[in-house]
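Encoded as structure tokens, the structure appears first; notes follow it.
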Amino acid sequence: MSTESTAGRSTAQEAIELDWEHPTPPTDLIFDDGEPLESARHRIAMNVLIASAIAALGDRPDSFVGGNMFVYYSRNQAMNREFRSPDFFVALDVDGTRERQGWVTWEEDGCYPDVVVELLSPSTAQVDRTTKKDLYERVFRTADSYTFDPFEPSTFEGWHLTNQHYQALQPNAEGHLWCEALGLWLGTWTGSVQREPPTGTCEWLRFYDAQGNLILLPKAQERSRAEQAEAQLEQVREQLRARGIDPDEVLG
């Protein structure tokens, strides 16, 4: 082959390379497939988890808590409409003040959820325990992953990513599982939430602090603060009475 023809092909190849651009991520992303959660209890369970996590992470503006949101992690996945939406997730070291319709990793500096919870149902349990669990382990590298059936609380399981593979978490004496990413326990709480169940109580998944204390939800925190303030005020009243002073004259 002549030097001239070789040079010509090199020039043509350079022109092709200059014209080529890296495929850009799709912009026509879908954030709602119109599919509701399995039941009212599943919906409430998701909201309870979100409220519990927000209450626990209130002093961390670098965190985001989401539920039933699409996570986009590759161009092919987006183009093929392979939707993946964890029922609940937490992402750390991100801008927690941004508004989001979904979690788009290429808009999040490549960050993935650090904690994921899937709420099992008869129609989703198989996929949640296999396909989605494998995705969280191998692609997302999610540190802590859990599954829980609101109607069958004994199914509660969790895994922590160790050496790039999930290792099953062992429950403590209360049946709670440790969440290394958040420094919290995740476990069940018995009660009624938003009239669910219609009668009696059932098990809900909630966060507990490192000492095992239940993280109160926002309304319960407000009640607790009001009760503490009232108790402190009554203590002051008792002290005034002990000194022979009418507390109503001093405190009004």
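Summary table
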read-out: Neighbour-count ranking [beta-carbon atoms within 10 angstrom, fewest first] of His42, His165; value: His165, His42
read-out: Asp93-Ala242 pseudo-label distance in nm [points 7 Å out on the Cα-to-Cβ vector]; value: 5.2 nm
read-out: As computed over region 158-217, the Cα convex hull volume per residue (Å³); value: 101 Å³
read-out: Paramagnetic reach from Gln170 in region 184-204 [backbone N under 18 Å; point 7 Å along Cα→Cβ]; value: 185-186
read-out: Distance (nanometres) between label positions extended 7 Å along Cα→Cβ at Val139 and Thr190; value: 4.0 nm
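Every number here is computed from the coordinates shown, using simple stated rules; none is lab data. Since the structure is predicted, the reported quantities are computational estimates derived from the model, not experimental observations. Note that each Cβ is placed from the backbone with ideal geometry, even for glycine, and that neighbours are counted across all protein chains shown.
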